[in-house]
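The values are calculated or read from the model by the stated rules, or taken from the named source; none is laboratory data. Every value quoted in this text rests on a predicted model; they were computed, and no experiment measured them. Cβ: placed from backbone, ideal geometry, glycine included. Neighbour counts: every protein chain shown. Each accessible area value is taken on the protein alone, full model and side chains, heavy atoms only, with ligands, DNA and RNA left out. Shrake-Rupley method; radii C 1.70, N 1.55, O 1.52, S 1.80 Å.
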Amino acid sequence: MKPFTDQNSSPDQTSSTSSTPQRILQAALKEFATHGLGGARMERIARKAGVNKALLFYYFSSKENLFQQLLTEAMKIVIPQLQQVILQARQPSDLIEVLPRIYTRFALEHPDYIRMILLELIRNPQTIASLMSQVISTYQPSPPREINKKIMAWGKKGLLQETDPSQLILNLIPPMIFTPIIAPLVEVLLQKKIIDSPDFLQRRIASLTQFLKKGVLP
């Protein structure tokens, strides 16, 4: 894959050659969020990006490389924050106070990343898990290893209600990342708009933090 460093260019600058990779990534994100990796078509991505299909292969070599680049971009938003929080946490409440802010903000501000990842988790769970593992492995110390160690240690001290790391993580992650997926259903059931309210993000973070504290801490 041809490397590029144009991180600050706007996707709307269609006349700029340097913005081409970013426009391709933006178009590809919409395509993967709608059709998944298997259903995505390079022709559609090229058309949405306003480029020749050959340029997609010039910059990214293949559809799979394009997907992995997007996954890497998504993880770059979350993993450094998560890594810092895990390393600095001295007790479970340190995590509970911050995790809803990291994950919920990411999910609400980048819903297409969530849809892209969830589609592959449904259709090809081993593939997406392997790709995510490859990206996470580039961060050291390893966030999964560090969180596992801390959960085990906190469990032995009686600081957690659930001491099995796998069960605890399964309990924590879904309510934080599924908001943009579930919110439209809730809006239909309640017959009112909730996600577009200006203070929804902050209220969601506060509610989740309280909910997780009651479910996680003794």
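What the table shows:
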{"item": "Surface accessible to a 1.4 Å probe, per residue, for the residues of the chain, Å²", "result": "55 Å²"}
{"item": "Which listed pairs, of 53/76; 63/213; 192/213, have C-alpha distances above 32 Å, in listed order", "result": "63/213"}
{"item": "With Cα atoms, 0 to 90° folded angle of helix 200-216 axis to the chain main axis", "result": "40 degrees"}
{"item": "Residues of type lysines that residue 193 reaches as a straight line, Cα spacing below 25 Å, ignoring anything fewer than 8 places off in the same chain", "result": "30"}
{"item": "Largest-first ordering by accessible area, 1.4 Å probe, given options 120, 73", "result": "73, 120"}
{"item": "Relative contact order, percent, the chain [alpha-carbon distance under 8 Å, six or more residues apart]", "result": "20 percent"}
{"item": "Within the accessible area of the range 97-136 (1.4 Å probe), percent carbon and sulfur", "result": "55 percent"}
{"item": "Exposure of residue 55 as accessible area (Å², to 10), given a probe of 1.4 Å and all protein chains", "result": "60 Å²"}
{"item": "Euclidean distance of C-alpha centroids, the range 186-218 and the range 117-168, integer Å", "result": "24 Å"}
{"item": "Electrostatic dipole magnitude of the chain [Cβ: Lys, Arg +1; Asp, Glu -1; Cα centre; debye, to 20]", "result": "140 debye"}
{"item": "13 Å beta-carbon shell around residue 117, net charge (K/R +1, D/E -1)", "result": "-1"}
{"item": "CD proxy at 222 nm, helix term only [per DSSP H run n ≥ 4: -39500 (n - 2.57); per residue of the chain; nearest 500]", "result": "-23000 deg cm²/dmol"}
{"item": "Using alpha-carbon coordinates, inclination of helix 99-109 to the longest axis of the chain, degrees", "result": "30 degrees"}
{"item": "Over 29 Å [Cα-Cα, the chain], rounded percent", "result": "35 percent"}
{"item": "At 0.692 mPa s and 37 °C, Stokes diffusion of the range 140-218 via Kirkwood alpha-carbon radius, µm² per second", "result": "225 µm²/s"}
{"item": "Two-decimal log10 I(q)/I(0) for the range 58-171, as the Debye equation yields it once each C-alpha is a single scatterer, q = 0.14, 0.20 Å⁻¹", "result": "-0.66, -1.21"}
